[in-house]
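Please read the structure below before turning to the comments.
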Amino acid sequence: MSETLEIIESEFAQASIETFQMVLISMVAAAIAGTLIGLILHLTSNPLFFKNKIVNGIAGTIVNIIRSMPFIILIIVLIPFTRIIVGTSIGAVAASVSLSIASIAFFARLVEGAFSEVDKGVIEAAVATGASTSLIIRKVLFVEATPALIRALTVTFVSIIGYSAMAGAVGGGGIGNLAIMYGYNRYQTGVLLFTVIVLIIIVQLGQWIGDKIALAFTRK
Amino acid sequence: MIELKNIDVIFQQNKHDFKAVNNVSLKIKKGEIFGIVGPSGAGKSTLVRVINLLQRPSRGQVFIEGQEITNLNRKELRKVRLNIGMIFQHFNLISGSTIAENVAFSLYANNYPKDKIPGRVKELLELVHLPEKADAYPANLSGGQKQRVAIARALANNPEILLCDEATSALDLENTEEIVALLKEINEKTKITIVFITHEMEVAKKLFDRIAFMEQGELKEVTDIYTAFTEPKEAISKSLVERVLNVNVPEALVVKEDETLLRLSYTGDDSYDPVISMASKNYDITVDIINGKIDYIHNKPFGVLILILRGEDEERAKALEYIQKNVYKLERLGGK
């Protein structure tokens, strides 16, 4: 018992910082690049905007390739790319590169789905007013998709927490890694239990906040 | 003025070509309320969407105020659309924006000066009698109110044309009448040209100046609204009009030896003349009214009566002759 507390005391703060770092970097990456790619996927599939089978096909295929790889494999495949970007392939920041790419692809599909759920008639009415595409994207598409986008971001957050446990494979650290290193490899069941509880609380809290915000933006 | 020339719209359905609109040519005058009616699937919604090119025709040209718009680029087309408002069956308001923001959307589209937007929105909401709802969301409004917001949005840039695609079809009777009255009021005030698609003949009767009957992608008949109801020519027009007047002979009726069954149609001024009472007074006959209806189209009465004349052959013949002279149309349905 005392050993458990000792390990938690000495390792947990560092692990939390690492997890926080990884989650924050990949959430920001997903929110920006994922939204953009999701938007491109939608605009090129909707005849009311710029339907383009070639662009849509290319973007869709790239997203599918990334999403079809198990995350642990993606980390390994991306090692050379990670070296180019951050100079090293080890550590929380390095792990964030592959984590970001996986989250971008994941979130992009969810964003595309959120946009395609927007009532076609509303977009059509906006087109009929003579509005520019950029105005329609800003004032109609994003406004109508906001609750769905927030929910998508919440789902992505939960997935990133899950993926980040695998970051240990490249020395990324984090709470999940703590569980594997001590809880599993060194038979410290207390540590395992503690980290699991912490992860449950983080996920529950994230989901709860996400739902609350999404609800606040729902006007139906 | 709106002019459609030889419009075809062809949809591909499971590798089959389906002609939703078939060689339609049409001129709609400035300032009139022009209606297109027909059964569902007739292609009327597709046709009205061709006017602002929400639907590109497969063949043919569209002219707005003399300008051909079918060959314009994206930017030029947007400019034309600023001059054509449109409202829809399901209102199509932005559910996540307030009523004021929904109306302001059209003004943003027109690069309206930012500082003048709140004032203009207020003016438009007053025009549609909804000033108190500016900060509400569409979900908190009734169907009729939502359609009024959609009208405010459509009129924001003072367009010369308003397209209405089944604009009252999702509304109850009360809200329908409210929207019809509002559109009439706006048409009178601003001389805006209104093109209205509907399958509701009651709306047609109250609102339209001219009407086009459409069936299977083709325009069958185009005429003024009064003529459409009094003298429909095509089969489709007749069937739609009859449903409104709905004056039929009861099935169980048996016409006796000394009786004549008649259908009288009244129009215009002669509706007010007491033809029937005069006939029964001057000739030795009795008159039974079996069924009847008098309707008003643009304040001009139009009536249909089903009568039985009873009496001696000679008197009946004289009475018939008298009635014939004094009504718009007389049909003998049975008896001698």
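The values are calculated or read from the model by the stated rules, or taken from the named source; none is laboratory data. Just so you know, these numbers come straight off a predicted model, no measurement behind them. A quick note on method: Cβ atoms are made from the backbone with ideal geometry, for glycine too, and the neighbour counts reach across all protein chains shown. To get the accessible areas, we keep the full protein, side chains included, count just its heavy atoms, and leave off ligands, DNA and RNA. Shrake-Rupley method; radii C 1.70, N 1.55, O 1.52, S 1.80 Å.
Based on this model, can you work out whether B:V203 counts as surrounded by fewer than 16 Cβ atoms within 10 Å (Cβ to Cβ) and either assigned by TED's automatic domain parsing to the domain that holds B:D284 or among the aliphatic types (A, V, I, L, M) (or both)?
No: the conditions fail for B:V203.
Can B:V244 be described as in a strand (DSSP E or B), touching a helix residue (DSSP H, G or I) at 6+ places or on another chain (Cβ under 8 Å) and among the β-branched types (V, I, T)?
So B:V244 fails the test.
Any idea how many residues of the stretch A:94-135 are over 24 Å from the mean Cα position of the chain (by Cα), free of Cβ contacts under 8 Å to residues at least 40 places away in the same chain and not in a loop (DSSP other than H, G, I, E, B)?
Total satisfying the criteria: 7.
Please give the number of the condition B:T286 fails out of (1) assigned to a strand (DSSP E or B); (2) at pLDDT below 85.
It is condition (2) that B:T286 fails.
In the stretch A:1-74, which helices (runs of 4 or more DSSP H) lie fully inside it and hold 1 or more residues that are out of contact with any Gly (no Cβ under 8 Å at 6 or more places or on another chain) and among the basic types (K, R)?
A:53-68
Return the total of residues in the stretch A:203-220 being within 14 Å of another protein chain (Cβ to nearest Cβ) and either open to solvent by 100 Å² or more (accessible area, probe 1.4 Å) or not polar (S, T, N, Q) (or both).
Matching residues across the stretch A:203-220 total 7.
Given the structure, is A:I161 more than 14 Å from chain B (Cβ to nearest Cβ) and either open to solvent by less than 30 Å² (accessible area, probe 1.4 Å) or touching a residue at least 12 places away in the same chain (Cβ under 8 Å) (or both)?
For A:I161, the condition - more than 14 Å from chain B (Cβ to nearest Cβ) and either open to solvent by less than 30 Å² (accessible area, probe 1.4 Å) or touching a residue at least 12 places away in the same chain (Cβ under 8 Å) (or both) - is met.
Output the residues belonging to the stretch B:134-151 that are more than 12 Å from chain A (Cβ to nearest Cβ) and among the small types (G, A, S).
Result: B:A134, B:S142, B:G143, B:G144.
From the residues in the stretch A:65-75 that are open to solvent by 40 Å² or more (accessible area, probe 1.4 Å) and in contact (Cβ under 8 Å) with a residue 40 or more places away in the chain, which one is nearest to A:A29 (Cα to Cα)?
Residue satisfying both the conditions and the ranking: A:R67.
Tell me, which residue of the stretch B:99-115 that is away from every other protein chain (no Cβ under 12 Å) and over 16 Å from B:A134 (Cβ atoms) is most open to solvent (accessible area, probe 1.4 Å)?
Going through the qualifying residues, I end up with B:K114.
I'm trying to understand the selection: among the residues of the stretch B:160-197, which are open to solvent by 10 Å² or more (accessible area, probe 1.4 Å) and touching a strand residue (DSSP E or B) at 6+ places or on another chain (Cβ under 7 Å)?
Passing the criteria: B:E160, B:D165, B:E166, B:S169, B:N187.
Which of the residues belonging to the stretch A:210-220 are modelled with pLDDT of 95 or more and touching a helix residue (DSSP H, G or I) at 6+ places or on another chain (Cβ under 8 Å)?
A:G210, A:D211, A:I213, A:A214, A:L215
Taking the stretch B:309-336 only, how many residues are in contact with a helix residue (DSSP H, G or I) (Cβ under 7 Å, 6 or more places away or on another chain), more than 22 Å from B:P250 (Cβ to Cβ) and part of a helix (DSSP H, G or I)?
Counting residues in the stretch B:309-336 that are in contact with a helix residue (DSSP H, G or I) (Cβ under 7 Å, 6 or more places away or on another chain), more than 22 Å from B:P250 (Cβ to Cβ) and part of a helix (DSSP H, G or I) gives 3.
Answer yes if at least one residue in the stretch A:84-93 is at pLDDT 95 or above, among the hydroxyl-bearing types (S, T, Y), more than 16 Å from A:A30 (Cα to Cα) and open to solvent by 10 Å² or more (accessible area, probe 1.4 Å), and no otherwise.
Taking every residue of the stretch A:84-93 in turn, none turns out to be at pLDDT 95 or above, among the hydroxyl-bearing types (S, T, Y), more than 16 Å from A:A30 (Cα to Cα) and open to solvent by 10 Å² or more (accessible area, probe 1.4 Å).
Taking the stretch A:32-47 as the search range and keeping residues that are open to solvent by less than 40 Å² (accessible area, probe 1.4 Å) and of a type outside the set (S, T, N, Q), which one is farthest from A:D119 (Cα to Cα)?
A:A33
Quick one: which residue in B:G96, B:G31, B:G85 is in a strand (DSSP E or B) and open to solvent by less than 40 Å² (accessible area, probe 1.4 Å)?
Sole residue among the options that is in a strand (DSSP E or B) and open to solvent by less than 40 Å² (accessible area, probe 1.4 Å): B:G85.
Using the structure shown, decide if B:E251 is open to solvent by 70 Å² or more (accessible area, probe 1.4 Å) and modelled with pLDDT of 85 or more.
So B:E251 does not fit the description; no.
Would you check which residues across the stretch A:106-141 are of a type in the set (S, T, N, Q) and buried (at least 24 other Cβ atoms within 10 Å of the Cβ) and list them?
A:T129
Scan B:I211, B:I225 and give me the residue that is among the hydrophobic types (A, V, I, L, M, F, W, C), within 15 Å of the chain's Cα centre (by Cα) and closer than 28 Å to B:F11 by Cα.
Exactly one residue qualifies, and that residue is B:I211.
Please go through the stretch B:77-92 and give me each residue that is under 25 Å from A:P147 (Cβ atoms), touching a residue at least 60 places away in the same chain (Cβ under 8 Å) and facing chain A (nearest Cβ under 7 Å), ordered by number.
Once the filter is applied, which keeps residues that are under 25 Å from A:P147 (Cβ atoms), touching a residue at least 60 places away in the same chain (Cβ under 8 Å) and facing chain A (nearest Cβ under 7 Å), the stretch B:77-92 yields B:F88, B:H90.
A:I200: open to solvent by 10 Å² or more (accessible area, probe 1.4 Å) and among the hydrophobic types (A, V, I, L, M, F, W, C), yes or no?
Judged against the criteria, A:I200 is a match.
Take the conditions part of a loop (DSSP other than H, G, I, E, B), open to solvent by 20 Å² or more (accessible area, probe 1.4 Å), within 12 Å of chain A (Cβ to nearest Cβ) and under 20 Å from B:D8 (Cβ atoms) and apply them to B:R56. Does it pass?
yes
Going residue by residue through the stretch A:148-155, is there one that turns out to be crowded, with 22+ Cβ neighbours inside 10 Å and either facing chain B (nearest Cβ under 9 Å) or hydroxyl-bearing (S, T, Y) (or both)?
The answer is no; no qualifying residue exists.
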